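Inspection log for the structure reproduced underneath, given as structure tokens.
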Amino acid sequence: MTKRFALGIFDDEDVLMHAIENVRAAGVKIYEVFTPFPIHGIDDALGIERSRLPIAAFFYGCCGLAFALWMQIYMLGFDWPMIIGGKPHIALPAFIPVSFELTVFFTCHGMVITFYTISKLYPRWRTPVLDVRSTDDKFVMAIEINESTDLNNLSKLLRENGASEVNEKEMTKN
């Protein structure tokens, strides 16, 4: 599958932020914005909704805590009960360190897997990059174009809003 993009290259993040507002106000859907560093407020400007990853983190933490408690209660209370230091078989205060560690372990690993899955960052030989300069010092606004898109008007809109150059790029999805 091949997609075509119009790339607006910007030199300054403030100009980019104003351009995002103006391009969206003109009714153009922005595919993605690539920046060399995080820009505060760009998510709101692009209309990106708040992430639901914290809900997943809470779920993974609960699973880790439940697994830790189940494992310790089963091992020390039923599978191989031993009296250690006169403590009962199921001594919850003694389970706190292991429960904490497994809660963090499950949360961290679950979040990494979830983030990579949602972001579609699968292992591959070559990562597709629309413009290499977006990792150095340029800000790139990518707008997906199709047959009905007027490239001249789009280019004019991007240049009027501060783009130093406008390029067209084709990307093939493997």
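The values are calculated or read from the model by the stated rules, or taken from the named source; none is laboratory data. Just so it is clear, the model here is predicted, and its values are computed rather than measured. Note: ideal-geometry Cβ built from the backbone for every residue, glycine included; neighbour counts use all protein chains shown. The area values use the complete protein model at the heavy-atom level, side chains included, leaving out ligands, DNA and RNA. Shrake-Rupley method; radii C 1.70, N 1.55, O 1.52, S 1.80 Å.
Some points to look at:
- Tyr122 vs. criteria out of contact with any Leu (no Cβ under 7 Å at 6 or more places or on another chain) and loosely packed, with under 11 Cβ neighbours inside 10 Å: yes
- Taken over segment 126-148, the criterion of being under 19 Å from the mean Cα position of the chain (by Cα) and of a type in the set (Gly, Ala, Ser) is satisfied by Ser134, Ala142.
- Test: residue in segment 97-108 that is polar (S, T, N, Q), out of contact with any Leu (no Cβ under 7 Å at 6 or more places or on another chain) and either at pLDDT 95 or above or not assigned by the TED database to the domain that holds Leu7 (or both): yes
- Any pair with Cβ under 7 angstrom, 6 or more apart, that starts in segment 56-75 at a residue that is polar (S, T, N, Q) and ends at one that is assigned to a helix (DSSP H, G or I) and open to solvent by 50 Å² or more (accessible area, probe 1.4 Å): Gln72/Val98
- Selection within segment 30-80 - within 30 Å of Ile9 (Cβ to Cβ), out of contact with any helix residue (DSSP H, G or I) (no Cβ under 9 Å at 6 or more places or on another chain) and part of a loop (DSSP other than H, G, I, E, B): Tyr31, Pro38, His40
- Within segment 81-99, the only residue that satisfies the criterion of being open to solvent by 90 Å² or more (accessible area, probe 1.4 Å), of a type outside the set (A, V, I, L, M, F, W, C) and part of a helix (DSSP H, G or I) is Pro93.
- One residue stands out among those in segment 29-53 that are open to solvent by 30 Å² or more (accessible area, probe 1.4 Å) and in contact with a strand residue (DSSP E or B) (Cβ under 6 Å, 6 or more places away or on another chain): the one that is nearest to Asp136 (Cα to Cα), which is Thr35.
- Lone unmet requirement of (1) in the same structural domain as Glu21 (by the TED database); (2) assigned to a helix (DSSP H, G or I); (3) within 19 Å of Glu32 (Cα to Cα) for Asn152: (3)
- Close pairs (8 angstrom Cβ cut-off, 6 or more residues apart or separate chains): within 12 Å of Met75 (Cβ to Cβ) in segment 86-98, open to solvent by less than 70 Å² (accessible area, probe 1.4 Å) and small (Gly, Ala, Ser) anywhere: His89/Gly77; Ile90/Gly77; Phe95/Ala68; Val98/Ala68
- Residue under evaluation Val166, criteria (1) assigned by the TED database to the domain that holds Leu16; (2) of a type in the set (A, V, I, L, M); (3) farther than 18 Å from Thr35 by Cβ, criterion not met: (3)
- Qualifying residues in segment 5-29 (those that are charged (D, E, K, R) and part of a loop (DSSP other than H, G, I, E, B)) - the one nearest to Ile118 (Cα to Cα): Lys29
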